[in-house]
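Q: Structure provided below as structure tokens; questions to follow.
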Amino acid sequence: MAVDLRWDMGGAERTVLRAGQPGTYDSCGQCLNHAELDGAKVIGFVHDETACKYQVGQTHKSISIATSDDYGLTWSSLGQIITGSDAPAASKNTGEGDCTVIKGQDQYFYAYCFRPRDGALIVARAPASDPGPRRWRKFFQGQWDQPGLGGQATRLMGGSGVSAAGWTITGQEVLTGWVRGGLGLFLSRDHTTLTPLAEPILAVDPGDWKRPAPSELIFYPVILDAKTGANQLSNSWMLVYAYLQPNQGGDEKYLIFRDVTVSMSNAPVSPQVGVLLARWYDVALHDHCQRRPPFQATGALTSLKPSPDTL
């Protein structure tokens, strides 16, 4: 969807990308994963799916590129740029997709993508001056020599929950990813070696995609610059993710924005990550409820107010 209104999220929705014809690489739908303004033109990196039977977990992913001359209201597809080496398979998630794209300081576009067959994060790149089809090369065994279309790629780490941004202050790339205890950050200077921080930046309980479920669910995390909304970062960030509360279905999503302020230190600092512990009083039931990890609600709570003994 696009909204034909420059300065707020009001206005009528307008569908700008549609599913392709049966048998095409986008027959099950298209999603705009990233848009890059290039003068008066917008370059779009589009996630495509085909051969889908979602009820049994089957789909086949790829990435294409498109351009727009009217700031995203209409798009012209240039074709696929990244595909997997595997073919669609019954009851399986195949191909390569779910990419997040950043423009490096070396004037290359880098696409970090999810490979479902082994749960891997892979990376491909193309010159920012010419990122069209057949210009992309995947990183494989230390070299950028595999074609974006069907080539092999080295597994960098687990690919679920990954998004990437460029940290302009340090010249590093910042990636999100799941680590022990929650959502973590990974840093890279060479686009392929990913170093995790020692602690997660967000403590997260194990989630369940089969909703409703007693657990919360956090998904599609991204890091954006708080001033521009782009994935070229200053030291003021936003951590943005989709959220489902415990016991809620998939139709009750929230979009969460959290401030992240970064400062530089001359000495190493150990991060401290925790979960807020709080005690609440239910006026209607004359009962207390304590927040603790993990917290699973056993019923609806009404008229919750902080009690004087909040921890």
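The values are calculated or read from the model by the stated rules, or taken from the named source; none is laboratory data. The model shown is predicted, which means the values in this text are computed figures rather than measured ones. Neighbour counts are summed over all protein chains in view; Cβ atoms, including those assigned to glycine, are modelled from backbone coordinates with ideal geometry. Note: accessible area is taken over every heavy atom of the protein model, side chains too, but ligands, DNA and RNA are not part of it. Shrake-Rupley method; radii C 1.70, N 1.55, O 1.52, S 1.80 Å.
Q: Please go through the range 93-125 and pick out each residue that is among the acidic types (Asp, Glu) and either assigned to a strand (DSSP E or B) or over 17 Å from the mean Cα position of the chain (by Cα) (or both).
A: Step one: list which residues in the range 93-125 are among the acidic types (Asp, Glu), which gives 96, 98, 106, 118.
Correct list: ASP98, ASP106, ASP118.
Q: Return the only residue of PRO131, PRO116 being under 22 Å from ASN231 (Cα atoms) and either modelled with pLDDT of 95 or more or of a type in the set (S, T, N, Q) (or both). Let's see the steps before the verdict.
A: On the way: PRO116 fails: under 22 Å from ASN231 (Cα atoms).
Within the list PRO131, PRO116, the selection yields PRO131.
Q: Quick one: THR228 ticks every box in (1) within 27 Å of TYR108 (Cβ to Cβ); (2) free of Cβ contacts under 8 Å to residues at least 60 places away in the same chain; (3) open to solvent by less than 50 Å² (accessible area, probe 1.4 Å) bar one, so which box is it?
A: Condition not satisfied by THR228: (3).
Q: Test THR195 against the criterion of being hydroxyl-bearing (Ser, Thr, Tyr) and in contact with a strand residue (DSSP E or B) (Cβ under 6 Å, 6 or more places away or on another chain), and give yes or no.
A: Details: hydroxyl-bearing (Ser, Thr, Tyr): yes; in contact with a strand residue (DSSP E or B) (Cβ under 6 Å, 6 or more places away or on another chain): yes.
Here the answer is yes, as THR195 does meet what is asked.
Q: Tell me which residues, restricted to the range 141-161, are assigned to a loop (DSSP other than H, G, I, E, B) and at pLDDT below 95.
A: GLY159, SER160, GLY161 - these are the residues of the range 141-161 that are assigned to a loop (DSSP other than H, G, I, E, B) and at pLDDT below 95.
Q: Looking at the range 12-35, which of its residues are surrounded by 13 or more Cβ atoms within 10 Å (Cβ to Cβ) and assigned to a loop (DSSP other than H, G, I, E, B)?
A: Residues satisfying the conditions are VAL16, LEU17, ALA19, GLY20, TYR25, ASP26, SER27, CYS28.
Q: Tell me yes or no: at least one residue of the range 205-212 is without any contact (Cβ under 8 Å) to a residue 40 or more places away in the chain and surrounded by 19 or more Cβ atoms within 10 Å (Cβ to Cβ).
A: no
Q: Turning to a different aspect of this structure: When you go through (1) open to solvent by 60 Å² or more (accessible area, probe 1.4 Å); (2) over 16 Å from PRO133 (Cα atoms) one by one for LEU78, which number turns out not to apply?
A: LEU78 satisfies every listed condition except (2).
Q: So LEU121 ticks every box in (1) surrounded by 20 or more Cβ atoms within 10 Å (Cβ to Cβ); (2) over 30 Å from GLN55 (Cα atoms) but one. Which box is left unticked?
A: (2)
Q: Could you tell me whether any residue of the range 72-87 is free of Cβ contacts under 8 Å to residues at least 60 places away in the same chain, within 22 Å of the chain's Cα centre (by Cα) and closer than 18 Å to LYS138 by Cα?
A: No: the range 72-87 contains no residue that is free of Cβ contacts under 8 Å to residues at least 60 places away in the same chain, within 22 Å of the chain's Cα centre (by Cα) and closer than 18 Å to LYS138 by Cα.
Q: Taking ARG137 as meeting all but one of (1) touching a Leu at 6+ places or on another chain (Cβ under 7 Å); (2) open to solvent by 50 Å² or more (accessible area, probe 1.4 Å), write down the number of the exception.
A: So the condition that ARG137 fails would be (1).
Q: With the checklist (1) part of a loop (DSSP other than H, G, I, E, B); (2) under 23 Å from THR170 (Cβ atoms) in hand, flag the one item VAL260 doesn't pass.
A: VAL260 satisfies all of (1) part of a loop (DSSP other than H, G, I, E, B); (2) under 23 Å from THR170 (Cβ atoms) except (1).
Q: Scan (1) out of contact with any Asp or Glu (no Cβ under 7 Å at 6 or more places or on another chain); (2) in a loop (DSSP other than H, G, I, E, B) for the single condition GLY177 breaks and write down its number.
A: Every condition holds for GLY177 apart from (2).
Q: Considering TYR220, TYR243, which residue is at positive phi and in contact (Cβ under 8 Å) with a residue 12 or more places away in the chain? Please lay out each step first, then the result.
A: On the way: TYR243 fails: at positive phi.
TYR220 is the lone residue from the list that is at positive phi and in contact (Cβ under 8 Å) with a residue 12 or more places away in the chain.
Q: Another one. Could you tell me whether THR83 is more than 22 Å from ASP225 (Cβ to Cβ), of a type in the set (Val, Ile, Thr), modelled with pLDDT of 95 or more and surrounded by 16 or more Cβ atoms within 10 Å (Cβ to Cβ)? Give the derivation first.
A: Numbers: more than 22 Å from ASP225 (Cβ to Cβ): yes; of a type in the set (Val, Ile, Thr): yes; modelled with pLDDT of 95 or more: yes; surrounded by 16 or more Cβ atoms within 10 Å (Cβ to Cβ): yes.
It is true that THR83 is more than 22 Å from ASP225 (Cβ to Cβ), of a type in the set (Val, Ile, Thr), modelled with pLDDT of 95 or more and surrounded by 16 or more Cβ atoms within 10 Å (Cβ to Cβ).
Q: Also, I was wondering about something else. Report, by residue number, each residue of the range 177-204 that is open to solvent by less than 10 Å² (accessible area, probe 1.4 Å) and modelled with pLDDT under 95. Explain how you work it out, then say what you get.
A: If we filter the range 177-204 for residues that are open to solvent by less than 10 Å² (accessible area, probe 1.4 Å), which is where we start, we get 177, 182-184, 188.
Within the range 177-204, GLY177, GLY182, LEU183, GLY184 qualify.
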